[in-house]
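Quick notes on the structure that follows.
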Amino acid sequence: MLAWLDAVEAEVETRFSNTRKALQLIHHAEDVFATEEPRPSPPWLDWFSPVRLAGFKGNTLLIAKQPGPARDTLQSVLDQLPAESTKQRSVILGDLAAAAVAENDPEQACLLAEEALDHLARYWYATGMDRVRAVRESLTKWESWPCVRRLDERLYDWNTTVSALTG
């Protein structure tokens, strides 16, 4: 529970652009997982693990403008994420796409964003879609590229579907 509280506080600090403090909190949470004797967590906290903590860390590194370490961390999370973590997978793919944009790799960003869309088609999660849309917004300087136009077509299809369902 202590590690989770650090992760939540780190996410808040990240949203307020205090990534230095957020990374300190994440490192503390990592230490909690690594050094404290396991204690029973409340049943509602059964989903939180070192892998989930690493997802927080990857996003914070991304916002801290450290795309290389963010990419490495997020790829590790994706590789280790349990199969039942269906919602989280689209978020991690979106963050990996954002890291690719930050590394000036629009092709990889589009591939990852489309993979996230494929996943969202099976397991809807609004936060995952928010991450994909943020990636698309960050691709404006490459919007004439075929991969970005393909991503636009996929997003247009999504917007049309969502509008039909809500209209």
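Annotations for the structure displayed:
Per-residue answers, yes or no, for (1) polar (S, T, N, Q); (2) touching a helix residue (DSSP H, G or I) at 6+ places or on another chain (Cβ under 7 Å); (3) under 17 Å from ILE63 (Cβ atoms):
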{"site": "LEU2", "(1), (2), (3)": "no, yes, no"}
{"site": "GLU11", "(1), (2), (3)": "no, yes, yes"}
{"site": "SER17", "(1), (2), (3)": "yes, no, yes"}
{"site": "LEU23", "(1), (2), (3)": "no, yes, yes"}
{"site": "ASP31", "(1), (2), (3)": "no, no, no"}
{"site": "ALA34", "(1), (2), (3)": "no, no, no"}
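- Tally, over segment 42-91, of residues that are surrounded by fewer than 19 Cβ atoms within 10 Å (Cβ to Cβ), of a type in the set (S, T, N, Q), over 21 Å from LEU111 (Cβ atoms) and modelled with pLDDT of 95 or more: 1
- Conditions (1) assigned to a helix (DSSP H, G or I); (2) over 14 Å from the mean Cα position of the chain (by Cα); (3) small (Gly, Ala, Ser); (4) more than 26 Å from VAL148 (Cα to Cα); number of the one not met by GLY68: (4)
- Matching residues, segment 98-139, being among the polar types (S, T, N, Q) and either touching a Gly at 6+ places or on another chain (Cβ under 8 Å) or assigned to a helix (DSSP H, G or I) (or both): GLN108, THR127, SER138
- Screening the candidates ASP95, ASP157 for the property of being over 13 Å from the mean Cα position of the chain (by Cα) and part of a helix (DSSP H, G or I) yields one hit, ASP157.
The values are calculated or read from the model by the stated rules, or taken from the named source; none is laboratory data. The structure displayed is predicted, hence computed values, not measured ones. As a convention, Cβ positions derive from the backbone with ideal geometry for all residues, glycine included, and neighbour counts pool all protein chains shown.
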